[in-house]
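A short worksheet on the structure shown next.
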Amino acid sequence: MSLKIRSILLILLCAVTLNSCKTPKPVVSKPRPPKKELPQRVEKPTLPSTKIPKPVEIEEKVPPVQIFKSSPYVMREFRAAWIATVANINWPSRSGLSTKQQQEEAIKLLDFLKDHNYNAVIFQARPQADALYQSDLEPWSYFLSGEVGKAPDPYYDPLDFWIKSAHERGMELHVWLNPYRAHHSTGGPIAPKSMVKMHPEFMVSLKNGMWWMDPSKQATQDHSAAVVMDIVKRYDVDGIHFDDYFYPYASYNKGADFPDSEVYQAYIKSGGKLSKPDWRREGVNNFVERIYKEIKAEKPQVKFGISPFGIWRPGYPKSISGMDQYNELYADAKLWLNKGWLDYFTPQLYWKINQTAQSFPVLLGWWEGENSQDRHLWPGINLDFGGDAANVDETINQIMLTRGMIAESKGTVHWSIAPLLKYPNLSKALVDGPYKKQALVPASPWLDEVLPEAPTVSAKIEGNSVKISWSHSAITDVSNWVVFYKYGNNWDYKILDRTENATDFTHYLKEKEKKDPLTFIGVTAVDRTGNQSTFNEIKIEAK
């Protein structure tokens, strides 16, 4: 066959092939239920172009207000750090510090987080059936003074101080409690005021020196629930948080079974049918469900979160191996997520990306596949791999992977604040990189979808600054204000500290204002569940 004929046939064959091909539909790995569009996720409204011949001269002028339905883009991401008080891991640095020293240390930690654009703190207020706050149910913590039951002197309420100080800096504060641990091996001698002495009827001793409340006993569940609800009722908390300690790790009792045989035998004699492992899990499951429902009945806006061990069971998914929390801690964390008995889920994924048997992205993807109730999935990550460049990259890569895999509700919880202080190059890389911009905490639409009222805004141009003022009819319901400003065609924003009744802000004009003048400003209100108001936009007129 001649070359010319072969060429003609090849052209005809390509034409037929192209004509018969259809564009394939994109593959969606996991369909998700539709979510209500929140204001910050709506595309920017198209604004009429404004020709501005010169920068604004020094003159007081009140621009007109235009109201739009959505604000410009503002980053949404939960950025939190655990602050552990057990064994004085993070705060206070040691027991027995003065009130002034404790408060100074707390402010230093909170200022550090604020300066590095974090928006939440998970503060441990009950490390061992004790209290870092005024309580009628449990004694003052050993880790404050070095003595169980001793109040700070001069007196103050540490939890109240932490809450108010965090809110003043625009951060949420979640109270972290250990539901069952009664005495830690670093918690000093068993004192007369210790819960071990006060309620021996539901305490058991472990071979490593710790004491545990028996999770199967109704008295344990009632007492711990009362402690949680006492905090929810009396304090202005943003969340309640449990970690991975349900039944103790096997090593705590040197491999011996948890000593609850008498309680289990009484259950069997009363007609119970469950195996001992199922019976233990049922008790924990009932407690988790109870806590969630009681919190919502009292203060629906208070979030409930749990940070379980990162692996549900070995083989889930198939490439994963490791400790079986289902059969060792009797924690069916998968069930809690499936049922929606929490508002955010923070599996402790403390392994590296390329650690095949416990791979960070593989586990995160599996947990996301179990998130049928569409709750927040904010993984806990380990920051303490070291301060070298490779480990800094590991942390940043885990954050960026999480953003890509959980795009609808981004967030990460950092274990703990200590490595951020220990490795300045790590904290600098985060604030110069993924945390360069401030972020709002993602909204929780299953708790509340009603947008707060938009503030009434005014602005005055005063020299090289714009004085922005606003009023709001329900200021106590507002957790954050977001001030937006537009230079040329580019919007930017600032999330203001949650200072009580603060309703004004001075924005200083940027040096580049002569090239890209300030054209618009605006303010939105954000409520306790993350809903953002409609947008009051003010056009800045130039002469």
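Rundown of residues vs (1) in contact (Cβ under 8 Å) with a residue 60 or more places away in the chain; (2) within 27 Å of K410 (Cβ to Cβ); (3) of a type in the set (S, T, Y), yes/no style:
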| residue | (1), (2), (3) |
| --- | --- |
| R76 | yes, yes, no |
| T85 | no, no, yes |
| R94 | no, no, no |
| K100 | no, no, no |
| A120 | yes, yes, no |
| Q124 | no, yes, no |
| P139 | no, no, no |
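Taken residue by residue, region 352-370 has no member that is part of a loop (DSSP other than H, G, I, E, B), in contact with a strand residue (DSSP E or B) (Cβ under 8 Å, 6 or more places away or on another chain) and not assigned by TED's automatic domain parsing to the domain that holds S479. Within region 138-175, the set of residues being in contact with a Gly (Cβ under 9 Å, 6 or more places away or on another chain) and farther than 18 Å from S93 by Cα comprises P139, E172, L173, H174, V175. Taken over region 146-170, the criterion of being more than 25 Å from the chain's Cα centre (by Cα) and surrounded by 19 or more Cβ atoms within 10 Å (Cβ to Cβ) is satisfied by V148, P152. Tell me whether region 401-418 contains one or more residues that are at pLDDT below 95, of a type in the set (G, A, S) and out of contact with any helix residue (DSSP H, G or I) (no Cβ under 6 Å at 6 or more places or on another chain). Within region 401-418 (the criterion being at pLDDT below 95, of a type in the set (G, A, S) and out of contact with any helix residue (DSSP H, G or I) (no Cβ under 6 Å at 6 or more places or on another chain)), the answer is yes, since at least one residue qualifies. If you go through region 141-163 and keep only what is basic (K, R) and touching a residue at least 40 places away in the same chain (Cβ under 8 Å), you end up with nothing.
Just wondering, is there one or more residues in region 267-277 that are in a helix (DSSP H, G or I) and closer than 25 Å to A151 by Cα? Please lay out each step first, then the result.
Quick first cut of region 267-277, residues in a helix (DSSP H, G or I) only: 267-269, 276-277.
Among the residues that remain, those that are also closer than 25 Å to A151 by Cα are: none.
Within region 267-277, not a single residue is in a helix (DSSP H, G or I) and closer than 25 Å to A151 by Cα.
Number of residues in region 333-351 that are surrounded by 17 or more Cβ atoms within 10 Å (Cβ to Cβ) and either closer than 23 Å to W446 by Cα or not assigned by TED's automatic domain parsing to the domain that holds R281 (or both) equals 12.
Would you point out the residue of region 464-500, among those that are at pLDDT 90 or above and among the basic types (K, R), that is farthest from V237 (Cα to Cα)? My answer is K486.
When G310, G283, G305 are checked against the criterion of being over 30 Å from F360 (Cβ atoms), in contact (Cβ under 8 Å) with a residue 12 or more places away in the chain and surrounded by 15 or more Cβ atoms within 10 Å (Cβ to Cβ), a single residue qualifies: G283.
Quick check: anything in region 70-93 modelled with pLDDT under 95 and among the polar types (S, T, N, Q)? Yes, some residue in region 70-93 is modelled with pLDDT under 95 and among the polar types (S, T, N, Q). Taken over region 324-348, the criterion of being touching a residue at least 40 places away in the same chain (Cβ under 8 Å) and in a loop (DSSP other than H, G, I, E, B) is satisfied by L329, Y330, A331, D332, G340, W341, L342, D343, T346, P347. Out of all the residues in region 437-451, is one or more in contact with a helix residue (DSSP H, G or I) (Cβ under 8 Å, 6 or more places away or on another chain) and under 30 Å from G387 (Cβ atoms)? So far as region 437-451 goes, yes, one or more of its residues are in contact with a helix residue (DSSP H, G or I) (Cβ under 8 Å, 6 or more places away or on another chain) and under 30 Å from G387 (Cβ atoms).
Considering only region 431-450, state which residues are out of contact with any Lys or Arg (no Cβ under 9 Å at 6 or more places or on another chain) and outside any loop (DSSP other than H, G, I, E, B). Give the steps one after another, and end with the answer.
Here is the first cut: in region 431-450, the ones out of contact with any Lys or Arg (no Cβ under 9 Å at 6 or more places or on another chain) are 431-433, 436-437, 450.
V431, D432, listed by residue number.
Residues considered: I295, I320. Of these, the only one that is buried (at least 18 other Cβ atoms within 10 Å of the Cβ) and outside any loop (DSSP other than H, G, I, E, B) is I295.
Taking the condition polar (S, T, N, Q), surrounded by 20 or more Cβ atoms within 10 Å (Cβ to Cβ) and within 26 Å of G530 (Cα to Cα), does S479 pass?
yes
The conditions of being in the same structural domain as G170 (by TED's automatic domain parsing), under 18 Å from R79 (Cα atoms) and within 19 Å of the chain's Cα centre (by Cα) are met by S427.
The values are calculated or read from the model by the stated rules, or taken from the named source; none is laboratory data. Computed from a predicted model, the values in this text were never measured in an experiment. Cβ: placed from backbone, ideal geometry, glycine included. Neighbour counts: every protein chain shown.
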